[in-house]
1. Return one quarter of the surface area of the convex hull spanned by the alpha-carbon atoms of the chain, equal to its mean projected area, in nm².
2. Could you check the simple spin-label distance between Glu91 and Asn52, using points 7 Å along Cα→Cβ, in nm with one decimal?
3. Ranked by Cβ crowding within 10 angstrom, fewest neighbours first, how are Trp99, Trp18 ordered?
4. In deg cm²/dmol, rounded to 500, what helix-only [θ] at 222 nm does the chain give when every DSSP H run of at least 4 residues adds -39500 (n - 2.57) and the total is split over its residues?
5. Between Asp102 and Asp38, what FRET efficiency follows from the Cβ-Cβ distance if R0 is 35 Å, with the result rounded to 0.05?
6. Taking Lys6 as the anchor, which aspartates and glutamates have their alpha carbon closer than 14 Å to its alpha carbon, excluding any fewer than eight residues away along the same chain?
7. If you count the DSSP beta bridges with both ends in the chain, what percent of them are antiparallel, to the nearest 5?
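Values in this text are rule-based calculations from the coordinates and carry no lab data. No experiment lies behind these values; they were computed from the predicted model shown. All Cβ positions, glycine included, derive from the backbone under ideal geometry; neighbour counts span all protein chains shown.
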Amino acid sequence: MASIRKEIVTSARPAAVWDAIRDIGALHTRLVPGFVVDTRLEPGARIVTFANGMVIKEPIVTIDDETRRLVWTAEGGALTHYNASVQAFAEGAGSRVVWIADFLPDQAASVVGPMMEQGMAAMKKALDQD
């Protein structure tokens, strides 16, 4: 199983970062605008439309306020398995955000890795503005 880890450091405080992450229906407006263009909520999941046109259902596994960690999976698309987490940590006066994705098939890393890079760039831009 492939596993990719991406990190950013932002000037935003951990509480502000976590508030944006845990707002699961606002990916397109608060956390990763431009990378995600629409997010719709349904019971237990969100439907995410990416800028490249891909639409994925993301069942939410855990929203952990104590550890500032969100876990989700994905249904649809070319992957046979996808499980991911994003977590916010204090880092100096700002925050470190860590996104880890585990998925199959392994060969999808050539697509998933660049998408995660784009997502983290959008996230840093959005969070640094707060």
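1. On the way: hull surface 28.2 nm².
The number I arrive at for the chain is 7.0 nm².
2. Result: 2.4 nm between the two label points.
3. Trp99, Trp18
4. Numbers: 2 runs with 30 residues, N = 130.
That calculation yields -7500 deg cm²/dmol at 222 nm.
5. Working: r = 25 Å, r/R0 = 0.73.
That pair, Asp102 with Asp38, gives E of 0.85.
6. Candidates past the 8-residue exclusion: Asp102, Glu117.
7. Details: 41 of 42 bridges.
Of those bridges, close to 100 percent are antiparallel.
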